[in-house]
1. Which residues, taken from region 105-116, are farther than 30 Å from Arg373 by Cα and either surrounded by 14 or more Cβ atoms within 10 Å (Cβ to Cβ) or touching a residue at least 24 places away in the same chain (Cβ under 8 Å) (or both)?
2. Can you tell me which residue in region 306-334 is nearest to the chain's Cα centre (by Cα), limited to those that are under 30 Å from Ser366 (Cβ atoms) and surrounded by 20 or more Cβ atoms within 10 Å (Cβ to Cβ)?
3. Quick check on this structure: which one of Arg101, Arg158, Arg88, Arg137 is in contact with an Asp or Glu (Cβ under 6 Å, 6 or more places away or on another chain) and closer than 21 Å to Gln18 by Cα?
4. Please find, within region 1-41, the residue that is farthest from Phe341 (Cα to Cα) out of those that are among the aromatic types (Phe, Trp, Tyr) and not in a strand (DSSP E or B).
5. Right, Ser359: of a type outside the set (D, E, K, R), within 30 Å of Asp141 (Cα to Cα) and modelled with pLDDT under 80 or not?
6. Looking only at residues in region 82-104 that are in a helix (DSSP H, G or I), more than 26 Å from the chain's Cα centre (by Cα) and free of Cβ contacts under 8 Å to residues at least 40 places away in the same chain, which one is surrounded by the fewest Cβ atoms within 10 Å (Cβ to Cβ)?
7. Would you check which residues across region 124-146 are within 22 Å of Met89 (Cα to Cα) and surrounded by 15 or more Cβ atoms within 10 Å (Cβ to Cβ) and list them?
8. For region 50-70, check the following and say yes or no: at least one residue is in contact with a helix residue (DSSP H, G or I) (Cβ under 9 Å, 6 or more places away or on another chain), of a type in the set (Asp, Glu) and surrounded by 13 or more Cβ atoms within 10 Å (Cβ to Cβ).
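The values are calculated or read from the model by the stated rules, or taken from the named source; none is laboratory data. Owing to the predicted nature of the structure, the values given are computational and were not obtained by experimental measurement. Note that we place each Cβ from the backbone using ideal geometry, even for glycine, and neighbour counts take in every protein chain shown.
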Amino acid sequence: MARLFISYRRKDSSGYAQTLHEDVLQAFPGMEVFRDLESIAAGEDFVDAIERELDRCNVVLVLVGPHWLSMTDAQGKRRLDNPNDPVRMEIARALTRRGVRVIPVLVGGATMPDAAELPDELSALGRRNAHEMTDKRWQYDFGELCGVLEKLPGMPMRSTATDSATHSTSDRSATGDDDLPLPESFRKPVGRVIGAARKFVWGVGIFFTFILVVAVFVGEEETTPQPAPAPAPFVADDPAPAPVAPVAVATLPAPAAPVPEPEPERDLTGNWTMVDAQGERIPLTLTRQGNDLTLRSPRINVTQHPVWQVYNAVLIQTYGQGVTDVHFEGAGDVYERDVNFALNIFANGNVMINTGSLSLRVANSSTMTGTLRYNSGETSVVTVSRSSGAAAN
């Protein structure tokens with residue numbers, strides 16, 4: 001059986017890794033895909049598991065994000081320079097394996113590092129032709145990657161029965177007796193409706209728009225007035241010439257120093273508001289512990305939503321129950337000014353029906369801007385602003 005290994009840094013491209021994992025499983029149902037978060041059992045030796053999988057795989061996809069090369073450890077040293085760095089170790093081992101195709105995959109606008117920027121044992125990676133996965137053309141770029149994969153020795157052909165393929169995250173969702181009875185063949189159509197409804201308030205589609213907060217600091221220019229000339233005194237005809245007093249020259253003040261841009265707010269914990277291009281808003285609650293962040297939205301009622309009303313009629317007729325609400329949960333991290341989330345979308349409480357990722361850049365203490373992307377390839381430029389609303393349920 002064909003095996004594919006995804007190498008990535010969690011604080012650089014975790015959302016992209018999750019989406020790519022699911023897309024590969026959908027395109028190649030018979031392939032085994034290894035990604036550490038999903039593939040290593042609790043209590044298993046991490047290094048042993050990585051080495052075992054690298055010895056068995058056919059292809060290694062090395063996800064290179066915007067901070068993949070420059071990421072540092074707690075001592076401020078570049079992680080790639082540490083011989084015991086897990087990402088360096090797995091790439092170095094993959095490059096020495098015969099018959100294994102190592103493909104750099106650029107995500108998040110990253111560029112391919114030169115061989116000279118890499119440790120000696122990774123220099124061969126810098127000479128590999130990279131495949132770029134852009135947010136706006138994710139579906140197209142993924143199709144091109146599939147075309148490369150299916151031509152490699154031992155790799156299966158791409159599946160054409162996309163409606164029968166399911167996302168791996170659907171298998172991981174826990175459902176109770178009161179949950180919506182969504183069979184595996186039904187989860188993907190629900191995800192499609194979510195993509196179709198992204199312009200509406202419930203936010204399963206793209207729920208952010210741009211709110212720009214600009215602080216303008218204007219320094220008042222000070223000027224020194226010139227003294228008015230004194231009137232000339234009355235003098236007799238042909239007087240002796242009076243001495244000429246020196247004229248004082250006014251000195252203009254030096255221009256005010258530019259006001260530095262305020263540092264971004266480091267504590268991102270609290271309530272935020274997100275608005276899409278149509279002005280529809282949704283609240284989120286962020287919680288930060290160290291560099292780790294969690295995201296959660298309230299459960300949003302969709303029973304009156306036009307798209308869901310049509311779709312729920314089919315659900316109720318077929319299964320006796322429809323979708324009443326949806327909400328979003330996410331886990332991510334912050335690195336300097338960059339914030340990245342892997343998102344999960346749930347219906348009726350805890351039935352996972354879609355996934356995506358959210359990449360943000362901290363602009364100031366109250367605004368973040370970036371890109372929202374769903375596993376279907378839909379993307380949007382987004383803005384997240386602080387609010388004083390109630391926390392998400």
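1. Ala115
2. Top of the filtered list is Gly332.
3. Step by step, each of Arg101, Arg158, Arg88, Arg137 is checked, and only Arg158 is in contact with an Asp or Glu (Cβ under 6 Å, 6 or more places away or on another chain) and closer than 21 Å to Gln18 by Cα.
4. Top of the filtered list is Phe28.
5. no
6. Applying the filter and picking the extreme gives Thr96.
7. The answer is Ala124, Leu125, Gly126, Arg128, Ala130, His131.
8. Yes, because at least one residue in region 50-70 is in contact with a helix residue (DSSP H, G or I) (Cβ under 9 Å, 6 or more places away or on another chain), of a type in the set (Asp, Glu) and surrounded by 13 or more Cβ atoms within 10 Å (Cβ to Cβ).
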